[in-house]
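**Q** Questions regarding the structure given below will be posed in turn.
Where a number appears in this text, it was derived from the coordinates with a stated rule and is not lab data. Note that the structure is predicted; figures quoted are calculated from it, not measured. Counting neighbours? That spans all protein chains shown, and the Cβs are built from the backbone with ideal geometry, glycine included.
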């Protein structure tokens, strides 16, 4: 198989990098609180540019009385930077459609070399991009309601994982000698329910995090538990078990308890995979992948705590919010990739039972 720039698997890998940039761009919109800075879609205040001054914004609202009102108030106006953050995010999604199409067509042409799995995965990535654009439109129509924000982030994560899976599947065909590929299919199949649970739980936790970070009218979920140590974290309003008299408190506590449950699931499950691998004489690649996911989870727990602990009267350290998002997405992509990789290995029976 050709190496270097002529290696076809470099295309999906490059698309994974672009997907990461798009996700970071989306997180930046959250930091700037600019999710409603373009009240229409696909245009922005009726134009294709981001240079929309306050008078032009006011005129657009006057010309569109039926548009859903901005949750920040009728008279709120956005800066050029805030509008640009939303505009460039949309632009990136539009531009990536071209290489995504090329990827699908190329994999169709190379199907005899890489097989139908790679072709189907490339096509799926294209379909998911269209769906993701549609979900992005929903966030505009529903003014960044919490559920739309969570759905948008989860879809972006699944789309990125699909591209990464295509890259991994192609590298296997290209002869990559990764330790994971030397693990028997029978062993991986016996652990599949566990790895599927890891992927689903980490993705669910990511959705809960997006829910917390949204600023639904009257909720302000990310501010519901106050700030500082220990009143804001690990306690909430100074109590480990606060009264659920505020929607934001309920969402915060579900997210926090969920993080603990997912962490325990990863740590205990990883230990059992390690024990089973040793007993069956299997490589430790699966165990190390799960441990890496658990490590990302623990890191993100600290980052999320820092977001609340280091907040003050001047506001929250939004840079930590972006880091929290990125690490959470990486953990979810890794967890999804692990369970998808397990389906690439031929089911050769190695004996033994699941732990």
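**Q** Which order do 43, 112 fall in if you start with the one that has the fewest other Cβ atoms within 10 Å? It would help to have the intermediate numbers written out before the result.
**A** Numbers: 43 14, 112 8.
Sorted ascending by nearby Cβ count, the order is 112, 43.
**Q** Let me ask you something else. Put a dot 7 Å past each Cα toward the Cβ at residue 312 and residue 189; how far apart are the dots in nm?
**A** So the two model labels end up 6.0 nm from each other.
**Q** For residue 98, put the label point 7 Å out on the Cα→Cβ axis and report which residues of region 11-39 keep their amide N under 19 Å from it.
**A** Taking a point 7 Å out along Cα→Cβ of residue 98, the residues of region 11-39 whose backbone N falls under 19 Å are 11-22.
**Q** Which distance in nm do the two modelled labels at residue 66 and residue 41 give, with both placed 7 Å along the Cα-to-Cβ direction?
**A** 1.9 nm
**Q** Determine the relative contact order of region 7-176: mean sequence separation of Cα pairs under 8 Å and six or more apart, normalised by residue count, in whole percent.
**A** On the way: 161 pairs, mean separation 56.7, N = 170.
Over region 7-176, the number comes to 33 percent.
**Q** Can I ask one more? Between residue 229 and residue 113, take the C-beta separation as r, use R0 = 45 Å, and let me know the FRET efficiency to the nearest 0.05.
**A** Working: r = 56 Å, r/R0 = 1.25.
Plugging the Cβ-Cβ distance into 1/(1 + (r/R0)^6) gives 0.20.
**Q** Given R₀ = 22 Å, FRET efficiency for residue 200-residue 302 by Cβ-Cβ distance, to 0.05? Kindly include the intermediate steps, with their values, before the conclusion.
**A** Numbers: r = 24 Å, r/R0 = 1.07.
The calculated FRET efficiency here is 0.40.
**Q** Still on this structure: Neighbour counts of other C-beta atoms within 10 Å: give me 105, 266 arranged from fewest to most. Show your work: numbers first, answer last.
**A** Numbers: 105 14, 266 25.
The fewest-first ordering by Cβ neighbours comes to 105, 266.
**Q** Moving on to the next point. Given the C-alpha atoms of region 17-71, compute the convex hull and give its volume per residue in Å³. Don't jump to the answer; show the numbers that get you there.
**A** Details: hull volume 5.4 nm³, N = 55.
In region 17-71, the Cα hull volume divided by residue count equals 98 Å³.
**Q** Let me ask something else. Which angle between 0 and 90 degrees, to the nearest 10, do you get for helix 146-173 versus the longest principal axis of the chain when only C-alpha atoms count?
**A** Approximately 30 degrees, to the nearest ten.
**Q** Using the alpha-carbon centroid of each, what span in Å lies between region 265-321 and region 73-152?
**A** Cα centroid to Cα centroid, the span is 28 Å.
**Q** Let me ask you something else. If contacts are Cα pairs under 8 angstrom and at least 6 residues apart, what is the relative contact order of region 182-355 in percent? Write out the running numbers ahead of the final one.
**A** On the way: 217 pairs, mean separation 64.8, N = 174.
With pairs under 8 Å counted, the relative contact order is 37 percent.
**Q** Semi-axes of the equivalent ellipsoid of the chain: what are they in whole Å, largest first, if each equals the square root of 5 times a C-alpha gyration tensor eigenvalue? Present the calculation step by step, with values, prior to reporting the outcome.
**A** Working: eigenvalues 295, 167, 39 Å².
Output for the chain: semi-axes of 38, 29, 14 Å.
**Q** May I ask for the angle, rounded to the nearest 10°, between helix 192-213 and the longest principal axis of the chain, with both axes built from Cα atoms and the value confined to 0 to 90°?
**A** That helix lies at roughly 10 degrees to the long axis.
**Q** Springs between alpha-carbon pairs under 10 angstrom, Gaussian network model over the chain: which of 71, 177, 162 fluctuates most?
**A** Greatest mean-square fluctuation among the candidates belongs to 177.
**Q** So how do 142, 167, 78 line up by other beta-carbon neighbours within 10 Å, fewest first? Let's see the in-between values first.
**A** On the way: 142 13, 167 21, 78 26.
So the ranking, lowest neighbour count to highest, is 142, 167, 78.
**Q** Next question. Please compute, for the alpha-carbon atoms of region 34-155, the extent along each of the three principal axes and give them in descending order in Å.
**A** Extents along the principal axes, in whole Å: 59, 28, 22.
**Q** Mind checking the angle between helix 318-341 and the chain's longest principal axis? C-alpha axes, 0 to 90 degrees, to the nearest 10.
**A** Tilt relative to the chain: about 30 degrees.
**Q** Quote the relative contact order of the chain in percent (integer), defining contacts as alpha-carbon pairs under 8 Å separated by 6+ residues. Working shown, then result.
**A** Values: 443 pairs, mean separation 72.1, N = 355.
Relative contact order of the chain: 20 percent.
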